[in-house]
Amino acid sequence: MIIWQVYMNKYAKLIRAGKIGVMPTDTIYGLVGQALNKETVEQIYAVRKRNPSKPMIILINSIKDLALFGVDTDEKLKNILSQLWPGKISIILPITNDSYLEKLNYLHRGTKTLAFRLPDDETIIDLLVQTGPLVAPSANLEGMSPATTIDEAKKYFGDSVDFYVDEGKITSHSSRLIKIENSEIIELRK
């Protein structure tokens, strides 16, 4: 992620301005934008042609960020999360603070849950510190294979995104997806 480190401030500034882009995440190329910017999130749904009833994964830089989304973390949950994160595990958690349900409907899409990932990648964490949480669905159109190169991403999105960060071919896989209910871990995707 050498290019990242050189241009991180530039990309962080674009993201803070509400722009969207394709960049490597800790797993695969993602189509990213600020999670707490409703217009940005809606733009990503439109550009990606994503099913409007499906929430997107949100990248965070610490467990404390969960409070921004109305997810209360008691000690038991914090212990579970700290055993799983950081890493390539996306975790679906319920929005437990009712005052966030209406405000964040554009994110949870009526599910009253959100999926979060705390990456194990210093460069991504550094970016998240500058930008705040990011939605980061895979860089592809709904139903298509995730882009493994920027050229593939450009075929999907062309000029409809504001920037591309090319880190060569990425052959990693999507994150593991789990749900935590009543302190139980439920595997949804390996």
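Structure notes:
- Only a single criterion out of (1) surrounded by fewer than 21 Cβ atoms within 10 Å (Cβ to Cβ); (2) under 21 Å from Gly21 (Cα atoms); (3) over 14 Å from the mean Cα position of the chain (by Cα); (4) not hydroxyl-bearing (Ser, Thr, Tyr) is not satisfied by Ala147, namely (1).
- Test: residue in the stretch 83-93 that is farther than 28 Å from Tyr164 by Cβ, surrounded by fewer than 18 Cβ atoms within 10 Å (Cβ to Cβ) and not basic (Lys, Arg): yes
- Among residues of the stretch 58-68 being in contact (Cβ under 8 Å) with a residue 60 or more places away in the chain and part of a helix (DSSP H, G or I), the one that is surrounded by the fewest Cβ atoms within 10 Å (Cβ to Cβ) is Leu68.
- Residue pairs whose Cβ atoms lie under 8 Å apart, sitting 6 or more positions apart in sequence or on different chains, and linking a residue in the stretch 174-185 that is closer than 23 Å to Gly30 by Cβ to a partner that is surrounded by 11 or more Cβ atoms within 10 Å (Cβ to Cβ) and of a type in the set (S, T, N, Q), are Ser174/Thr27; Ser174/Ser138; Ser175/Thr27; Ser175/Ser90; Arg176/Ser90; Leu177/Ser90; Ile178/Ser90; Lys179/Thr113.
- Among the residues of the stretch 88-124, those that are part of a loop (DSSP other than H, G, I, E, B) and free of Cβ contacts under 8 Å to residues at least 40 places away in the same chain comprise Ile95, Thr96, Asn97, Leu101, Glu102, Lys103, Leu104, Lys112.
- Test for Ala153: is it surrounded by 20 or more Cβ atoms within 10 Å (Cβ to Cβ), assigned to a loop (DSSP other than H, G, I, E, B) and either out of contact with any Pro (no Cβ under 6 Å at 6 or more places or on another chain) or not basic (Lys, Arg) (or both): no
- Some residue of the stretch 34-45 being under 18 Å from Leu134 (Cα atoms), among the small types (Gly, Ala, Ser) and under 16 Å from the mean Cα position of the chain (by Cα): yes
- Residue tally, condition buried (at least 16 other Cβ atoms within 10 Å of the Cβ) and either of a type in the set (S, T, N, Q) or over 28 Å from Ile91 (Cβ atoms) (or both), over the stretch 175-188: 1
- Whichever residue in the stretch 94-140 is over 19 Å from Tyr7 (Cβ atoms) and among the charged types (D, E, K, R) and, among such residues, is surrounded by the most Cβ atoms within 10 Å (Cβ to Cβ): Arg117
- Taken together, the residues in the stretch 158-190 that are of a type in the set (Val, Ile, Thr) and in a loop (DSSP other than H, G, I, E, B) amount to 4.
- Test for Ile170: is it surrounded by 14 or more Cβ atoms within 10 Å (Cβ to Cβ), touching a residue at least 60 places away in the same chain (Cβ under 8 Å), among the aliphatic types (A, V, I, L, M) and within 22 Å of Tyr45 (Cβ to Cβ): no
- The residue that is surrounded by the most Cβ atoms within 10 Å (Cβ to Cβ), among those in the stretch 7-42 that are polar (S, T, N, Q) and in a helix (DSSP H, G or I), is Thr40.
- Test: Leu127 is over 14 Å from the mean Cα position of the chain (by Cα) and not in a strand (DSSP E or B): no
Bear in mind that the values in this text are calculations on the coordinates, not laboratory data. Source: prediction; values computed, not measured. Quick reminder, even Gly has a Cβ in these numbers, built from the backbone with ideal geometry, and neighbours come from all protein chains shown.
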